[in-house]
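Notes to accompany the following structure.
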Amino acid sequence: PGLSYTWIFNNNTLDLQEDSRRFVSQATGNLYLAKVEPWDVGNYTCAVSSAEARRHVRGTPTALTLRGDGVMGEYEPKIEVHFPETTYAAKGSSVRLECFALGK
């Protein structure tokens, strides 16, 4: 609770206000890019801040590189679902089960 996520691209904060291809989940901090373009290539760094704790930290940069052969490698189309055998929830609480598909 109280965490805020920002992504930095090549040492500049990503401004996602009017960007329909990129999205940062404030629940998980994940950055999602749709339809990667050559100008998306570079270093991405996640920054997390907490106003309550008065802390701001950055992760290590992650490089995004385009493959010239168009092959997705380990990210070839596949669908995986991983749920625990049992999910516990208190009466009246909310539960979220996520399903994620990755591929081209």
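See the values below:
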{"quantity": "Extension gain (nm, one decimal) between THR87 and ALA51, 0.36 nm per residue minus Cα-Cα", "calculated": "9.8 nm"}
{"quantity": "Contour minus Cα-Cα distance for GLN26 and ASN43 (0.36 nm per residue)", "calculated": "4.1 nm"}
{"quantity": "Most to least packed among 88-96, 42-50, 61-69 [average Cβ atoms within 10 Å]", "calculated": "42-50, 61-69, 88-96"}
{"quantity": "Rough spin-label spacing in nm, given labels placed 7 Å along Cα→Cβ, for THR62 and ASP19", "calculated": "1.4"}
{"quantity": "The range 1-74 - accessible surface per residue (Å², probe 1.4 Å)", "calculated": "74"}
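The values are calculated or read from the model by the stated rules, or taken from the named source; none is laboratory data. What you see is a predicted model; the values in this text were computed from it and never measured. Ideal geometry is used to build each Cβ from the backbone, glycine not excepted, and the neighbour counts take in all protein chains shown. Surface accessibility is based on the protein's heavy atoms, side chains included, excluding ligands, DNA and RNA. Shrake-Rupley method; radii C 1.70, N 1.55, O 1.52, S 1.80 Å.
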